[in-house]
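Asker: Here it is, the structure in full.
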Amino acid sequence: MTQISPLQANKKPDVFHEHGIQRIDNYAWLRSASWQEVMQNPDVLEPDIRAYLDAENAYQDSVMSQTKSLQETLYSEMRGRIKEDDNSVPFPDGPYLYGTKFITDGQYPHFIRQSRSGGDEVTLLNGDKEAKGQSYFRIGGAGHSPDHMLFYWSSDNNGSEYFAITLRDTKTRKDRDYRIQDTSGGFIFSADGQYGFYVRLDDNHRPSKVFRHKIDTEPSEDVLIFEESDPGFFVSVGKTLSGRTILIAIGSHQTSEVWMMAADEPLANPSIIAQRENEIEYFVEEYADTFYILTNAQGSEDFSIVTTPKKAPSRDNWKELIPHKKGRLIHDMFVLKNYIIRLEREDGLPRIVIHNLSEGSEHAVGFDEEAYSLGLRAGFEFDTSLIRFYYSSMTTPSQVFDYDISSQHRELRKEQEIPSGHNAGDYVTRRIFSPAHDGEAIPISLVYHKHTVLDGSAPCLLYGYGSYGMSMPSGFNSNALSLVNRGFVYAIAHVRGGKEKGFRWYKEGRRDLKTNTFKDFIAVADHLVVQDFTRYDKIIAQGGSAGGMLMGAIANIAPEKFAGIIAQVPFVDVLATILDETLPLTPPEWPEWGNPIKDKAAYDLISSYSPYDNVSAQAYPPIFALAGLTDPRVTYWEPAKWVAKLRAMKTNDNPLLLKTNMGAGHSGASGRFDYLKEVALVQAFALMTVRKAD
């Protein structure tokens, strides 16, 4: 394939004024005037914008054509690590076991049910069949009614995350002849299975309204039971594990409010549990006549668990049960009939703790490895002493355990099978710390092959995120082995903005302290070089979404310290996006970044680091940006504008690539195998880039 020349986007200056400051944007024209329609129907995209994106895709194809054989090899390796005919460990619920499976060559899950006493497996939903003929297909949610007679499922057919809900008879496996459109994807049944509750998205893609649906009636007859008027808060609907209470949760990134209604009184109006207070979060479970609440109220920065009577749940009646302990962050909890199960993190590592409600005693489930990932999931049953957890490390494939609380015995139910073979002893995983600019210690998770020579010559894939309090798990990543087996050190920088070291770690990487995230990531790169894990011209930095913003920031601040940068659906046009309150996610983002519309100080701060606004005339490393045309979270024009400005201003000829998936959104290609093709593409870019440094 003949390599074509890089595209130079047309400049069409648009002038904006905020706080008396003039801002000129030469590439604002890349934003579709009909972006809301494009989310649902990509065909309405303006021809000039489509032509630009198509031209960028063609250029990316031409540059990466030299790696086609490598991409095929990488794809084959990664697919070879997937057990194609794979079943989950089913969860029991009354007379049935519910689970999922994949079949050979199948891309999508099948939802299955089997009698608890044995018998034939029944397929409730065949994801491959439903996806047939669709260029994009994603299942948003699926679940059964309390009487096991109905099964709901939702799907998105273009990547815009507008999900349509379908109801299916579990005996005949036939769908009702209507679909509930424009929802967030979930559906909660009432106790009698005659009603369901769901959230509908508005024209700006905000989940703001809860509707009640009577089974076998037209969706046009559905009743609005709750509406959130503040665009800074999103709405979701769920149910306590006991099944007795339906919960309507309203939240921003730092503030929450919960409303309740009895599951056996579906026609009743919801009532509030506790009024929202700025930067106070709470999450509700129940047992008998008591609510158990995980919260950061009353100075519990790293969260505590309180109780309150269901009949009088206001904050005045909250009583501490599990006290706050500074530095021990309680991530999650659920309540069984006799126990509270919580997932917490202390000293950067997660653990499970079981609290006996009748005795008040506690015990923890321990683990031995230096760095690992731990997940905890509630099943369907409330009256049980069994819990399920998921364990992996950077060298240990995922393991599924059932844990009997009474006997404290763990049973391995499933271990991730790597068909092409995997020997954990061939790899080394480590957890080290890098000094930050202000003396903090930044955790780093590492994995590399035992034969990799650590003399500074090894290439390194350095991954980072650092926003919204999201902790990056140190778990098994079978795809990363393709790089590790080729001599890479794979590293995760647990920078500030996540919660790896408690809520404080999050606060020190947001709003006025956001630049700590960028400084931490660069400090980690420096430390890896000082410790001879790699060298600057061998480090490939990678991040997606808000982690893509991190990639854009470090590209501007320290381009000389990275051999290449992979920015997936990168949030790089931060200032313009946070100034636009019509965009789906903007109002909920203000607590995270500051509100530059009302606050000039916030405007100045965001302006100082927004990647797009700080592109300058300097040498940049090779950059690969990926976007999704129907992405409602990071709109396609952010990476498109960023690449256009970079190409116009950078002073060297390093590759600068943009790939826009014209039929997908934030998560990229749908299907477990199609997704691997994108992974193979970016890994090929990483390998191509570091080889040029040799």
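The values are calculated or read from the model by the stated rules, or taken from the named source; none is laboratory data. None of the values given here were measured: they were computed from a predicted structure. Methodologically, a virtual Cβ is constructed for each residue, glycine included, from the backbone with ideal geometry; neighbour enumeration extends over all protein chains shown.
Asker: Testing S474 on (1) part of a loop (DSSP other than H, G, I, E, B); (2) more than 21 Å from F624 (Cα to Cα); (3) at pLDDT 95 or above, one condition comes back false. Which one is that?
Answerer: S474 satisfies all of (1) part of a loop (DSSP other than H, G, I, E, B); (2) more than 21 Å from F624 (Cα to Cα); (3) at pLDDT 95 or above except (3).
Asker: Can you tell which of S135, S155, S115, S145 is touching a Phe, Trp or Tyr at 6+ places or on another chain (Cβ under 8 Å) and exposed (fewer than 15 other Cβ atoms within 10 Å of the Cβ)?
Answerer: Values: S135 fails: touching a Phe, Trp or Tyr at 6+ places or on another chain (Cβ under 8 Å); S155 fails: exposed (fewer than 15 other Cβ atoms within 10 Å of the Cβ); S145 fails: exposed (fewer than 15 other Cβ atoms within 10 Å of the Cβ).
Of the residues listed, the single one that is touching a Phe, Trp or Tyr at 6+ places or on another chain (Cβ under 8 Å) and exposed (fewer than 15 other Cβ atoms within 10 Å of the Cβ) is S115.
Asker: Would you list the strands (runs of 3 or more DSSP E) that sit entirely within region 155-218 and hold 3 or more residues that are touching a Ser or Thr at 6+ places or on another chain (Cβ under 7 Å)?
Answerer: Numbers: elements: 163-169, 175-183, 195-201, 207-214.
Per the criteria, 163-169, 175-183, 195-201.
Asker: Could you check region 41-83 and list, in sequence order, the residues that are farther than 29 Å from P655 by Cβ and either surrounded by 16 or more Cβ atoms within 10 Å (Cβ to Cβ) or without any contact (Cβ under 8 Å) to a residue 24 or more places away in the chain (or both)?
Answerer: D43, V44, I82
Asker: May I ask you to list the residues in region 381-396 that are surrounded by fewer than 17 Cβ atoms within 10 Å (Cβ to Cβ), outside any strand (DSSP E or B) and not hydroxyl-bearing (S, T, Y)?
Answerer: If the condition is that a residue be surrounded by fewer than 17 Cβ atoms within 10 Å (Cβ to Cβ), outside any strand (DSSP E or B) and not hydroxyl-bearing (S, T, Y), then E381, D383 are the ones that fit.
Asker: Search region 317-349 for residues being on the phi > 0 side of the Ramachandran plot and surrounded by 14 or more Cβ atoms within 10 Å (Cβ to Cβ), and hand back the single one that is modelled with the lowest pLDDT. Quick ask: steps written out before the conclusion?
Answerer: Step one: of region 317-349, the residues on the phi > 0 side of the Ramachandran plot are 327, 347-348.
Okay, now just the ones that are also surrounded by 14 or more Cβ atoms within 10 Å (Cβ to Cβ), so 327, 348.
Working: G327: 90, G348: 76.
The qualifying residue modelled with the lowest pLDDT is G348.
Asker: Scan region 350-361 and tell me whether some residue there is in a strand (DSSP E or B) and modelled with pLDDT under 95. Show your work before the answer.
Answerer: Taking region 350-361 first, the residues in a strand (DSSP E or B) are 350-356.
Filter once more, so that each one left must be modelled with pLDDT under 95: 350-351.
Scanning region 350-361, I find at least one residue that is in a strand (DSSP E or B) and modelled with pLDDT under 95, so the answer is yes.
Asker: If you check D48 against the conditions, is it in the same structural domain as T689 (by TED's automatic domain parsing) and over 25 Å from F673 (Cα atoms)? Before the answer, list the steps.
Answerer: On the way: in the same structural domain as T689 (by TED's automatic domain parsing): yes; over 25 Å from F673 (Cα atoms): yes.
Here the answer is yes, as D48 does meet what is asked.
Asker: Another one. List the pairs whose first member sits in region 398-409 and is on the phi > 0 side of the Ramachandran plot, whose second member is surrounded by 13 or more Cβ atoms within 10 Å (Cβ to Cβ) and in a strand (DSSP E or B), and whose Cβ atoms are under 9 Å apart, counting only residues at least 6 apart or on separate chains?
Answerer: Short answer, once both residue conditions are applied: Q408/I354; Q408/V365.
Asker: Can we say A364 is in contact with a strand residue (DSSP E or B) (Cβ under 6 Å, 6 or more places away or on another chain), more than 30 Å from I444 (Cβ to Cβ) and of a type outside the set (S, T, Y)?
Answerer: Details: in contact with a strand residue (DSSP E or B) (Cβ under 6 Å, 6 or more places away or on another chain): yes; more than 30 Å from I444 (Cβ to Cβ): no; of a type outside the set (S, T, Y): yes.
No.
Asker: Name every residue in region 202-227 that is acidic (D, E), over 24 Å from S145 (Cα atoms) and surrounded by 13 or more Cβ atoms within 10 Å (Cβ to Cβ), in order of residue number. So that I can check it myself, show each step before the final result.
Answerer: So the first thing to find is which residues in region 202-227 are acidic (D, E), and the list is 202-203, 216, 218, 221-222, 227.
Still in the list and also over 24 Å from S145 (Cα atoms): 202-203, 227.
Passing the criteria: only D202.
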